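The values are calculated or read from the model by the stated rules, or taken from the named source; none is laboratory data. These figures come from a predicted structure and were not determined experimentally. Reconstructed Cβ throughout: ideal geometry from the backbone, glycine too, with neighbour counts over all protein chains shown. Just so you know, the surface numbers come from the protein's heavy atoms only, side chains and all, with ligands and any DNA or RNA stripped out. Shrake-Rupley method; radii C 1.70, N 1.55, O 1.52, S 1.80 Å.
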Amino acid sequence: MPRVNRTFVFVLLLASSCAFLLFQLYYYRNYVSKEPGLHLLDSAGHVTSSQVQWQNLKKFLALAQFFRLPLFLADSAALALLSQDALRQRDRVRREPHCSFLCTGRPITSFALPASQWQLSPGFLLAAEQKGFQLLEVRGRDPRLASLDTLSGEEIPLHFLFRLHGYIIHVVLLYERSGGYLWHGVLRLKAAADPTFAPFRLLDYGRHAGAYDRPELLLTVVDGLDVRVPRNISRFLVQRQEARFLECRYHDARSFLQLYPDDSSTAAVEFRRKAKALLRLAAQTLDRLDVPFWISSGTCLGWFRQCGVISYSRDVDIGIFISDFRPQITAAFRNVGMSLKHQFGKVEDSLELSFLGEDVKLDIFFFYRDGDVVWNGGTQAKSGRKFKYIFPSFSLCWAELLEVKVRVPCETLDYVMANYGATWSVPVKSWDWKSSPSNVIENGVWPVAEWAGLIQVY
């Protein structure tokens, strides 16, 4: 048998390998690479969308880590999948392309970032583009610079959308407001922006402005990637659902105050100071009890009409749904130094509490749902007469009054008009709570035998 030439065999194998590699390159360039998306193969030899999305996230998060951007996961679908049990076992999660939480079947993943940190990393956008990401930046007016004195705030970045291989990474910038909360702006495209850049209707954030408490963050491992998440995921998701924020109507308020200048007397200035302190104290007290409230009556009118309080009203009015009533409310206000001035009605009907702090009254009206309307009651102490104030149903939004984060009815105009009629924009200093409101009706009389328990004045 003739001896095999080893050199010949080596050259033949090398040539065969090179030919096979060239064939693979040819096939990829002429067939596979013409398909959109990143082409990764799973163990069965098939491309999966989750692998594409995971690779995008891996590349993006590595870039954010390099630039020390403390992004945190804000995606509602991904956070809903993350259980506390999964977080406790984070150290056992495999560090491999395993996308069970971050790949939710949606083409978008949302992250949030404190805006103060964004300003420290000017090179991030250029680096992202160099990595293949396409960018859409959405800017808007800075409401922190708007006031009754100037209406022109400078533009600031609000949202960034990064696109790669058909998937979107949405970064929401959170700005700190004077009330100590975090705020993001609405995502409103400019005329020159590409409306097909992303499936905007699927975005978790941007349909309206939002307000959030500052979340405590936890650095964990999700699908093999280092990711910050809110420590209390459930609380964050609830806040996201209730985050809608309404900005003060500075332009209309400025026009109003040109017609009706604000009272600058010492008494008025002192009332505004006390009202601010009282409102902040009420917010802190009710927040500890997990009782949501909104500014109501004249206090709501003042915010909506003139971005402030009505100095001649001499009180602060808030509303609470009766379903959120807690028996501890009275004790909680007493514990912070406020005295109970009166208590009218009962939990089942027309409950009303009034507290006094720093010579300013805090009136708490409890609201009852009745079909497609809601109402609160009023009681005349000397006669036992009952009154009912009827409003159209409303939802609640966040707002800011006197540098305090408060809720207001989202349908504010309807709420104000129900209470004050079509002439709500005209100041009225002579006001009778039993007859002046547009939505008041008489509601009977409390039985005299029950007055001791239903009409309590201190």
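Tabulated data for the structure shown
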quantity	calculated
Strands (runs of 3 or more DSSP E) contained in the stretch 251-360 and holding at least 1 residues free of Cβ contacts under 8 Å to residues at least 24 places away in the same chain and farther than 18 Å from Val374 by Cβ	349-357
Failed item in (1) modelled with pLDDT under 95; (2) surrounded by 17 or more Cβ atoms within 10 Å (Cβ to Cβ), with Asp359 passing the rest	(2)
From the options Tyr250, Tyr312, residue that is more than 30 Å from Ser393 (Cβ to Cβ) and of a type outside the set (D, E, K, R)	Tyr312
Residue that is least open to solvent (accessible area, probe 1.4 Å) [pool: residues in the stretch 237-250 that are aliphatic (A, V, I, L, M) and in a helix (DSSP H, G or I)]	Leu237
Tabulated pairs, the stretch 185-196, first not assigned by the TED database to the domain that holds Ala399, second part of a loop (DSSP other than H, G, I, E, B) and surrounded by fewer than 10 Cβ atoms within 10 Å (Cβ to Cβ), C-beta under 9 angstrom, 6+ apart or interchain	Leu189/Pro195
Hits in the stretch 443-458 - residues which are loosely packed, with under 12 Cβ neighbours inside 10 Å and of a type outside the set (Ser, Thr, Tyr)	Pro447, Val448, Ala449, Glu450, Ala452, Gly453, Val457
Tally of residues being within 20 Å of Glu358 (Cβ to Cβ) and buried (at least 20 other Cβ atoms within 10 Å of the Cβ) across the stretch 299-316	5
Residues satisfying the stated conditions in the stretch 117-136, i.e. part of a helix (DSSP H, G or I) and either in contact with a Pro (Cβ under 6 Å, 6 or more places away or on another chain) or more than 19 Å from Leu73 (Cβ to Cβ) (or both)	Gln117, Leu125, Leu126, Ala127, Glu129, Gln130
Matching residues in the stretch 304-345 - criterion: being out of contact with any Ser or Thr (no Cβ under 8 Å at 6 or more places or on another chain) and aromatic (Phe, Trp, Tyr)	Tyr312, Phe321, Phe325
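To keep it simple, each residue is scored yes or no on (1) modelled with pLDDT of 65 or more; (2) of a type in the set (Asp, Glu); (3) open to solvent by 30 Å² or more (accessible area, probe 1.4 Å).
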| site | (1), (2), (3) |
| --- | --- |
| Ala78 | yes, no, no |
| Ala86 | no, no, no |
| Glu96 | no, yes, yes |
| Cys99 | yes, no, no |
| Cys103 | yes, no, no |
| Pro107 | yes, no, yes |
| Ser116 | yes, no, yes |
| Ser121 | yes, no, no |
| Gln130 | yes, no, yes |
